[in-house]
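Below: the structure, in structure tokens.
Read-outs throughout are calculated quantities, based only on the coordinates presented, and are distinct from any laboratory measurement. For clarity, every value in this text was computed on a predicted model and none was experimentally measured. Heads up, the Cβs are rebuilt from the backbone with ideal geometry, glycines too, and the neighbour counts pull from every protein chain shown.
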Amino acid sequence: MRKPFAILVILSLLGLGLGSCNGQQKTPLVVFAAGSLIIPFGNIEKAFEEKYPNIDVQAEYHGSIQVIRHATELHKPIDVIATADAALIPMLMYATNMPETDQPYADWSIRFASNHLALAYAPESKYADEINAENWAEIISRPDVKIGIADPRFDASGYRALMAFALAEIADKNYGLFAPMFDKQLTFPVTIFRGDELTTITVPEILETKPESHIVIRGASIQLIALLESGDLDYAFEYESVIAQHNLKLVSLPAEVNLGEQANEEFYKQVQVNLDFQRFVSIKPQFRGERIGYGVTIPASAEHPDEAAQFIAFLLSDEGRSLMEADHHPMFETFIADSYENLPSVLQAIMTK
Amino acid sequence: MKPYLRLILSGALLLALTFTFAACSGETQVAPSATEAPVEATSAPTEAAMPVLEIVGLTETKSLTLEEIKALPVTEGYAGIKSSTGKITPPVMVKGVALKDLAEFIGGMDETAGFNVVAEDGYSITYSFDQLQNGAFIAYDPATGDELKNPVELTAILAYEVDGKPLDSKQDGTLRLAIVSAELNQVTDGHWAVKWVNKLEVKSLGEEWVLQLDGAISKPTDRVSIESCGAPQCHGSSWTDDKGQEWAGVPLYYFVGSVDDEIAHEGPAFNRTLADAGYSVDVIAADGYTVTFDAARVQYNKDIIVAYKVNENPLPDDFFPLRLVGSDLDKKEMAGMIAQIKVGLEPLPATAEPAPAALSEADATLTVSGSVNQSLFLNEAALRAMEVLTINAEHPKNGKQDFDGVSLNVLLDLAGVKDGATTLLVTASDGYTSEVSLSDVRACTDCLLGFTDTLEKFNLVMPNLPSNVWAKDVVKIEVK
């Protein structure tokens, strides 16, 4: 009796193991997204997993340039990429081929959400009772004000913050805003050149603040939130959605400056930020001013492209929209596909050409 | 059932059971990633002799095998990372070579240079001198992720071991960057932790350029010479555009005057007689775009400027390195990317450049030698035949004074400093030597080899530099 019993026990355990495995096995879906999407995508993830219990979303968040770099240069198997600047996808993914296939990392993208650039601050911030949409540039340029900017080499909000100064100068025809903010603050200067058609800001290869600088630079804009909350910063350039999500105080920037208004699309094109060095293998990035547009794609290296398409379809659904907007993140009324013909069919079905 | 068969059966069943549970041991199973791959034998005998790192200095390039890297001074400590959105990878013990030691190994660098770290796939990031020398990185508490308020001593290293083992070659490559400290008390931003490193490069962050001047005489003129000429107390001039941008440079007629006859610098360099007789001046951009002037329009005209800076910075790409600007120009005449200025005069047959008279070494009272294209043997007469500048400068100990002399940079240009030189070794008549950084001298447009009241006795005049480099009774300047 002892031998059959032992075998029975073992087989039961085996069956239990298999049974539990069948019940829990999920398809991992790796999503890399911009730091400003942490909160809304957290809620999207939860709702998506409830709807698709066999899929486990594994999300990581970085500055948008870093998001793409994880796919194209660190070769991580990522299923969905969502950046705060849709233009980064063609710039860094269409133009970069996968070594295994010699095909681009992506050949389509969808602009799905917008935002507005703004200044976040706390009630205790210096000149908090004084700052407004007219005097913001002058206030944050004061030497005793600590102002946080994301590193424009890694994060879209960083180069957008630089654009804001150039746009404010053009809007006000006051060409004395940029210098008080940036001059003598950095070991190697960020420079501005005001051409006839285009104002160009150039970011040096080494972006390093001097010891007494009033500028604080961090790798991603989301890192500035903690410094604001701790009182180490007075102000930080952030997206309005992020400011609302963290219950911070906000200075709305003028429409010509906040990069969020469709009506000002042409105005925004008057500025460009150049990285003054070869940051990537074959690309010297240049970021032209345009209305903020978040982009999403599925890398060609994705291991679960079908589930990735399901995730994006959910994001673009009414339910996804309401979740995003509940977290103060504005979606576009109409999603814009770049290279519609290359979209997965499930996404083509919900897009207009 | 025989005992050994029972044992085999039990083992097989347990193994199956183990695999069954292991296969679903977490709902986060990801397809096998590089991190789970077995470590490749990076030290396999066939690969041990293969170079794994190219290291480029200002003067030389070396290729190193892993064993050669391991033979360099070792730095080890704890390194971890914090992702941009707060995910912490806790510190582990890593071992490698400090970047500052590697920079020193390839000839050194100073604050005007960066240390570029390049990965196998071409991705690169440049570390500053301050980061290499002083560990100037933002560090975070590994437990909370909060920024550390009190500085921790940090060192950037090129790591080849983690926890006593070679790096996982698929995840990290053979070499990767790590920012280490002596204790388990910090993590740093993930973007510094470059993986798959295969090249390091000391990189000058300033870009050099040359303007070709052709007329009765021809001469290429480099950035340092033009910036020296454009110093405010020399021939500098500026113009402010309608957007408040200040363009600084040298009036075009100075360039014309330097090649219109054999007199390049001294005295009335611009030949008015030739200008009155008439000739053309072509300012030619790199793409061939040409703006042509009559000599009469250029003559002593300070409102036509060849600018090399705007708002105190080098010109933007569309105009770099030089642009014509000024109130006497219309927009289409403001050519950028100037590469050549051509004066419509017949070239003189003889050598018109007033180079110092050729002396024998025995006749010289001052020698410029070392890492140069041609050694200079000079005496006071030869030096005084060159352009003599008068400046008012503050001696660190003696206060403000007037000094006469010849631009130290002009002397270095005449000798032709070879690429990679970093230092001037200055020797006095009593054998006393002092060193000064070449980059400091190159940045010092006012530095002179100064004349004294005593014939054939020269002192260095080094404004804004420490007193120890104001060498007296100089007899030799050796470029190293």
Evaluate Rg over Rh across the stretch B:36-204, taking Cα atoms for both radii and Kirkwood's formula for Rh.
0.95
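Any idea what % of Cα-Cα pairs in the stretch A:117-275 are farther than 26 Å?
When all Cα pairs of the stretch A:117-275 are counted, 18 percent exceed 26 Å.
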Taking the stretch B:183-252, which GluC sites (Glu not before Pro) meet the DSSP loop condition and have no more than 12 other C-beta atoms within 10 Å?
B:E183, B:E207, B:E208
The stretch A:187-287: spread of alpha-carbon positions along the three principal axes, whole Å, largest first, is 39, 39, 27
Tell me the mean residue ellipticity at 222 nm calculated for chain A from its helices only (DSSP H runs of n ≥ 4, each -39500 (n - 2.57), averaged over every residue, nearest 500).
-9500 deg cm²/dmol
Just from the alpha-carbon atoms, what are the Rg and Dmax of the stretch A:227-274 in angstroms?
13.4, 38
Report the trypsin sites (Lys or Arg not before Pro) located in the stretch B:358-407 that are in a DSSP loop and have at most 14 other Cβ atoms inside 10 Å of their Cβ, or state none.
B:K397
Just to confirm a number: summing +1 for Lys and Arg and -1 for Asp and Glu over residues other than B:D121 whose beta-carbon lies under 12 angstrom from that of B:D121, what do you get?
+1
Given all pairs of distinct Cα atoms, the stretch B:168-225 yields a Kirkwood Rh in Å of 16.2
Viscosity 1.002 mPa s, temperature 20 °C: Stokes-Einstein D of the stretch B:131-222 from its Kirkwood Cα radius, in µm² per second?
130
May I ask for the Kirkwood hydrodynamic radius of the stretch B:210-343, worked out over all distinct Cα pairs and given in angstroms to one decimal?
14.5
So what is Rg over Rh here for the stretch B:274-338, counting just Cα atoms and using Kirkwood for Rh?
0.99
Rg(Cα) / (2.2 N^0.38 Å) computed for chain B, rounded to two decimals:
1.35
Would you mind giving the average projected area, over all directions, of the Cα convex hull of chain A in nm² with one decimal?
22.7
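Equivalent ellipsoid semi-axes for the stretch A:232-313, as square roots of 5 times the alpha carbon gyration tensor eigenvalues: give them largest first, rounded to whole Å.
Equivalent ellipsoid of the stretch A:232-313: 28, 22, 16 Å, largest first.
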Taking the square root of 5 times each eigenvalue of the Cα gyration tensor, what semi-axes in Å does the equivalent ellipsoid of the stretch B:361-479 have, largest first?
19, 17, 14
Based on alpha-carbon positions alone, could you give the equivalent ellipsoid semi-axes of the protein assembly as shown from the gyration tensor, as √(5λ), descending, whole Å?
59, 35, 24
Using only the alpha carbons, work out the radius of gyration and Dmax of the stretch A:105-153 in angstrom.
16.3, 48
DSSP-assigned coil residues among GluC sites (Glu not before Pro) in the stretch A:165-207, each with at most 10 further Cβ atoms within 10 Å:
A:E197
Once every DSSP H run of n ≥ 4 in chain B is given -39500 (n - 2.57) and the sum is divided by its residues, what mean residue ellipticity at 222 nm do you get, rounded to the nearest 500 deg cm²/dmol?
-4500 deg cm²/dmol
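Below 9 angstrom from the Cβ of A:S230, what's the summed charge of the other residues (Lys, Arg +1; Asp, Glu -1)?
Taking every Cβ under 9 Å from that of A:S230, the sum is -4.
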Estimated dipole of chain A in Debye, rounded to 20 [Cβ of Lys and Arg +1, of Asp and Glu -1, Cα centre]:
960
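Please count, across the stretch A:117-275, the pairs of lysine residues with Cα atoms under 17 Å apart that sit 8 or more places apart or on different chains.
7
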Taking +1 at the Cβ of each Lys and Arg and -1 at the Cβ of each Asp and Glu, which of A:V271, A:F165, B:I69 sits farthest along the dipole of the protein assembly as shown towards its positive end, judged by Cα position relative to the Cα centre?
B:I69
Violating pairs (Cα-Cα greater than 20 angstrom) within the set B:K170/B:K195; B:K243/B:K342; B:K418/B:K476; B:K418/B:K472:
B:K243/B:K342; B:K418/B:K472
Convex hull per residue volume in Å³, alpha carbons only, for the stretch A:65-169:
137
